[in-house]
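K.L.:
Encoded as structure tokens, here's the structure I'll be asking about.
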Ligand SMILES: *Cc1c(COP(=O)(O)O)cnc(C)c1O
């Protein structure tokens, strides 16, 4: 036991891990895990747990789900790149990728449940626009854990799991009339009823270190830390995770001593972090959010529409971008769709719309000469394969237990949830 400790990034003090999301001193800061092992060795555990040395867990869960990294001569030729490496996390069996919930969110749900079980278990409450919901639902089912999920009504039908006789003990789904921000608010109210565990978002170190395994896998395959990292972001947690993983990889000593340039992208017209970053400020201003209610309905990749991302917080997206000389890209729906067509003409799997945004941002970067054709470029295709998973599994829809009115009273909410 005891292969890591948590420190508060802002205060520097060590925090005793009780599945903690923040320090006790009230710093506006993320915590970070610091691992005893500076030198990572791959462990003989399945899936993402092969990176056990750098996951904040003591136990492991049996799984095959892990990111894969591959090269595609055809895509490299199309883009005119000599050193392109593609990270893929989804369902794509001929590339050896078997992530049933089809996104890198499953790299988050697996260590999150392992860590929760290390600390006595519990029911996780989370809000999602769809992808996080599928990941936690699938992991809860496979491991006998429990979750309560709140999604916007418009995301109904997106929470699919492998066929299961009775999932209702493990997965409870509720909808709200509203958007992702309303779902977050409702999940916070549910946590406030007491007796539940918040998933924690970017504050959850298991989430970040789980997402960071994509960068570890990439670096190990390439043999060095890449020059550039490309990812589409909504909260930016994946970008923070890639930065933190890169710092650990530098500490390891075998993979170089230079951080990758972070190339993060958002889908216009909703691009608050991109606007704040390109204006050079640490705070997201109202003008950066535009007209969120309307703009959010216009984007192709709606998993990228977080209104309250961990941008300014110590150890968050702004700090990551400063440290990594980052660039932010704004990708239009047309650009994302045409990038997706290019991908589909070569690879045999449909990307998640967010992954298409990432590919489109790489095409932009090439056009703007932000990358050189001989640089080592790592493209994180964060999800895909919803089209392929149905070929091998009988996927079923999780049905919402009820729709919660936004103005529900605490007593009524308790009656709905605490049955
Ligand atoms: C959640 C998600 C993202 C964005 O992740 P961040 O938390 O913003 O880093 C990108 N792609 C897919 C497929 C996602 O599900």
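A short reminder: the numbers here are calculations on the coordinates, not readings from a lab. As the structure is a prediction and not an experimental result, all values here were calculated from the model. Cβ: placed from backbone, ideal geometry, glycine included. Neighbour counts: every protein chain shown.
K.L.:
How much of the DSSP beta bridge set in the chain is antiparallel, as a percent to the nearest 5?
P.N.:
Antiparallel bridges: around 30 percent, rounded to the nearest 5.
K.L.:
Dividing the Cα convex hull volume of the stretch 8-141 by residue count, how many Å³ per residue is that?
P.N.:
174
K.L.:
Give me 132, 63 ranked fewest to most by other Cβ atoms within 10 Å of their Cβ, as a rough exposure proxy.
P.N.:
63, 132
K.L.:
For Cα pairs less than 8 Å apart in space and 6+ apart in sequence, what is the mean separation divided by the residue count of the stretch 80-159, i.e. the relative contact order in percent?
P.N.:
The normalised contact order for the stretch 80-159 reaches 26 percent.
K.L.:
Another question, if that's okay. Based on the Cα coordinates of the stretch 1-52, what is the per residue volume of their convex hull in Å³?
P.N.:
Once divided by residue count, the hull of the stretch 1-52 is 97 Å³.
K.L.:
At q = 0.19, 0.23, 0.31 Å⁻¹, what log₁₀ I(q)/I(0) does a Debye calculation on the Cα points of the stretch 95-143 give, no solvent, two decimals?
P.N.:
-0.59, -0.82, -1.26
K.L.:
Rounded, prolate or oblate: which one fits the chain, using the alpha carbon gyration tensor with axes a ≥ b ≥ c (rounded when a/c is under 1.5, else prolate when a/b beats b/c, else oblate)?
P.N.:
rounded
K.L.:
For 259, 342, 406, 126, what's the fewest-to-most ordering of other Cβ within 10 Å of each Cβ?
P.N.:
Going from sparsest to densest Cβ surroundings: 406, 342, 259, 126.
K.L.:
Using helices alone, I'd like the mean residue ellipticity at 222 nm for the chain: each DSSP H run of four-plus residues gives -39500 (n - 2.57), total over residue count, nearest 500.
P.N.:
Value at 222 nm, helices only: -10000 deg cm²/dmol.
K.L.:
Hey, how many Å between the Cα centroid of the stretch 383-404 and the Cα centroid of the stretch 86-135?
P.N.:
Each part reduced to its Cα centre gives a spacing of 14 Å.
K.L.:
Just want the ordering: 189, 350, from fewest to most Cβ atoms lying within 10 Å of their own Cβ.
P.N.:
The order, fewest Cβ neighbours first, is 189, 350.
K.L.:
Distance in nm between label sites at residue 74 and residue 392, each 7 Å beyond Cα in the beta-carbon direction?
P.N.:
About 2.0 nm separates the two model spin labels.
K.L.:
Would you work out the Kirkwood radius for the stretch 116-216? I mean one over the mean of 1/r across all pairs of different Cα atoms, in Å.
P.N.:
Every distinct Cα pair counted, the radius reaches 14.0 Å.
K.L.:
Express the relative contact order of the chain as a whole percentage, based on alpha carbon pairs under 8 Å and six or more residues apart in sequence.
P.N.:
20
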